[in-house]
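The values are calculated or read from the model by the stated rules, or taken from the named source; none is laboratory data. Everything quoted here is computed from the prediction, not taken from an experiment. Note: ideal-geometry Cβ built from the backbone for every residue, glycine included; neighbour counts use all protein chains shown. Surface areas here come from the heavy atoms of the whole protein model, side chains and all, with no ligands, DNA or RNA. Shrake-Rupley method; radii C 1.70, N 1.55, O 1.52, S 1.80 Å.
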Amino acid sequence: MANRIPRVAVREQDPKVRATNFEEVCYGYNREEAMLEASRCLHCKNPRCVGACPVNVNIPEFIAKVAEGDVDAAAAIIAQDSSLPAVCGRVCPQETQCEGSCVLGVKGEPVAIGKLERFVADETLAKASATVAPSNGIKVAVVGSGPAGLACASDLAKWGYDVTIFEALHKAGGVLEYGIPEFRLPKDNVLKHEIAKVRALGVKIETDVIIGKTVTIDHLMDEEGFKAVFIGSGAGLPKFMNIPGENLCGVFSANEFLTRNNLMKAWREDYLTPIHAGKKVCVVGGGNVAMDAARTALRLGAEVHIVYRRTEAELPARKEEVHHAIEEGIIFDMLTNPVEVIGDEKGWVKALKCIRMELGEPDESGRRSPVPVEGSEFEIETETVIMALGTSPNPMISRSTAGLETNRRGCLVADEQGATTRPGVFAGGDAVTGAATVILAMGAGRTAAKAIDKYLKG
Ligand code: FAD
Ligand code: SF4
């Protein structure tokens, strides 16, 4: 009977209203809705959802507790495997992971695992979540306070290690703080609490410390008594197209645009951080980052175009994000590729010159590759161009640390356990894989924590 109940819809802010504010789009489940949705789970003997979760949260067990109304017990089950459930419940690509494997999805709609995780996390945000072993006095340094660093630090602290995270920015959280906008992941109401829980485990976070500039990994290990280091420094170096006009005023990388807005709070009237959107904005790219930049520019009052060289079917962004962007009024210019940014006499952007594309033969990724249609150039008038074309790891750490190898994409070389080519130094998350997802970064952080524990125990 349970699976005959349709998936419980989640309430959201009206698209016309939310397009003008930075409040959260999705309201999440209330207790009644969560318990009803939880009652749909079949508690499979071999739950495929668990295997499809990169940190192997015991999904049927926590869902059973939600169905019984015991939210604290559900939170304790999740906390065994995930240190950031309120974040993951909001931003994980569940449709390709746990929910993508849920048996109910074969003929109907999968259990809303992400929304249930979010419900449990939100209900228990202010409560302590894990026990900590007595201190063993062994110092471990973690570089970067994104999901990889936070997950690694949490596990090591739970096992009694003396962990310090060194973060280059003035606030902890990595992309969760500076990249993902407020309307998808509220900072004060959600992220701040999740980071407070990591600190509550005894993890120290030193902000404004750039490893490779303020201090090096060699110094931390040779002079400051750190016995191992985990590098979770992400992939924050933006890519550009290398077309004429990219250095005009009004051309941003998505990283800069989002950092000004999210970390430096340019959207708030009580902050003085400058940001330039203007009346019309073109965002180049089709991933999550492009959607976030576009929806941010829309909320700053601009008409926004997504310029993408393939079709909607190939958009790499999460379906939910594309759907939200369309609902809010973002205009999608598909099969379109920029060839030049055109400026006015004062050096500001005034148009984006593009060429029409068509899909040709599949490339090595299996997707049909876009081919320019000869003679089809045209101009889109615009005041701002935001490049959301992907990112790669910043080379500062690999260049300043003896014995650390990188591959041809600039990513740190590490084995499956996260061990790099330098003994005692481990790495994981975007710094190793290139730009990926929050949960994969967390999974890598946890795997490396185990390897560090093993390494330090000899
Ligand atoms: P990061 O989150 O990048 O954290 C790295 C941290 O290291 C940063 O705080 C950085 O300041 C710090 N650092 C870097 N160099 C140094 C140094 N030398 N010294 C000290 N500190 C340093 N994933 C999803 O799953 N779902 C989404 O919806 C989603 N949306 C996204 C939207 C945007 C705009 C972006 C940019 C990414 C998005 N991602 C999403 C991807 C996801 O956020 C990343 O894969 C994830 O954050 C990687 O985690 P990380 O810990 O490896 O690195
Ligand atoms: Fe429940 Fe779906 Fe997981 Fe089965 S696969 S245990 S139905 S969430």
Quick one: how many residues across segment 154-174 are charged (D, E, K, R), within 13 Å of residue 195 (Cα to Cα) and either modelled with pLDDT under 95 or assigned to a helix (DSSP H, G or I) (or both)? 0
Pairs with Cβ under 7 Å, 6+ apart, first in segment 319-339 and of a type in the set (Lys, Arg), second open to solvent by 40 Å² or more (accessible area, probe 1.4 Å) and not in a loop (DSSP other than H, G, I, E, B): 319/95
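Could you please let me know if residue 400 is in contact with a Leu (Cβ under 6 Å, 6 or more places away or on another chain) and surrounded by fewer than 19 Cβ atoms within 10 Å (Cβ to Cβ)? It would help to see each step written out before you state the result.
Numbers: in contact with a Leu (Cβ under 6 Å, 6 or more places away or on another chain): no; surrounded by fewer than 19 Cβ atoms within 10 Å (Cβ to Cβ): yes.
Here the answer is no, as residue 400 does not meet what is asked.
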List the number of the failed condition for residue 82; all other conditions in (1) part of a helix (DSSP H, G or I); (2) small (Gly, Ala, Ser); (3) crowded, with 24+ Cβ neighbours inside 10 Å; (4) away from ligand 2 (no atom under 14 Å from the Cβ) hold. (1)
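Just to be sure I understand, how many residues within segment 341-370 are open to solvent by less than 60 Å² (accessible area, probe 1.4 Å) and either assigned to a loop (DSSP other than H, G, I, E, B) or under 17 Å from residue 308 (Cα atoms) (or both)?
Initially, segment 341-370 is screened for residues open to solvent by less than 60 Å² (accessible area, probe 1.4 Å), giving 341-344, 347, 349, 351-352, 354-355, 357, 359-360, 363, 366, 369-370.
Then keep just the ones that are either assigned to a loop (DSSP other than H, G, I, E, B) or under 17 Å from residue 308 (Cα atoms) (or both); that gives 341, 344, 347, 351-352, 354-355, 357, 359-360, 363, 366, 369-370.
Total meeting the criteria: 14.
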In segment 31-49, which residues are outside any loop (DSSP other than H, G, I, E, B), open to solvent by 40 Å² or more (accessible area, probe 1.4 Å), touching an Asp or Glu at 6+ places or on another chain (Cβ under 9 Å) and of a type outside the set (D, E, K, R)? 35
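If only one of 52, 130, 64, 75 is outside the structural domain of residue 41 (by TED's automatic domain parsing), open to solvent by 20 Å² or more (accessible area, probe 1.4 Å) and either of a type in the set (Gly, Ala, Ser) or within 16 Å of ligand 2 (Cβ to nearest atom) (or both), which one is it?
Details: 52 fails: outside the structural domain of residue 41 (by TED's automatic domain parsing); 64 fails: outside the structural domain of residue 41 (by TED's automatic domain parsing); 75 fails: outside the structural domain of residue 41 (by TED's automatic domain parsing).
Answer to the selection: 130.
Quick one: would you say residue 95 is open to solvent by 30 Å² or more (accessible area, probe 1.4 Å), part of a helix (DSSP H, G or I), at pLDDT below 95 and farther than 19 Å from residue 183 by Cβ?
Numbers: open to solvent by 30 Å² or more (accessible area, probe 1.4 Å): yes; part of a helix (DSSP H, G or I): yes; at pLDDT below 95: yes; farther than 19 Å from residue 183 by Cβ: yes.
Against the criterion (open to solvent by 30 Å² or more (accessible area, probe 1.4 Å), part of a helix (DSSP H, G or I), at pLDDT below 95 and farther than 19 Å from residue 183 by Cβ), residue 95 qualifies.
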What number goes with the only condition from (1) crowded, with 22+ Cβ neighbours inside 10 Å; (2) touching a strand residue (DSSP E or B) at 6+ places or on another chain (Cβ under 9 Å) that residue 177 does not pass? (2)
Would you tally the residues in segment 216-254 being open to solvent by 40 Å² or more (accessible area, probe 1.4 Å) and in a strand (DSSP E or B)? 4
Among the residues of segment 418-458, write down those that are within 22 Å of residue 78 (Cβ to Cβ), open to solvent by 20 Å² or more (accessible area, probe 1.4 Å) and among the aliphatic types (A, V, I, L, M). 436, 438, 440, 444
Among (1) within 16 Å of ligand 1 (Cβ to nearest atom); (2) part of a loop (DSSP other than H, G, I, E, B); (3) among the charged types (D, E, K, R), the one test that residue 23 misses: (1)
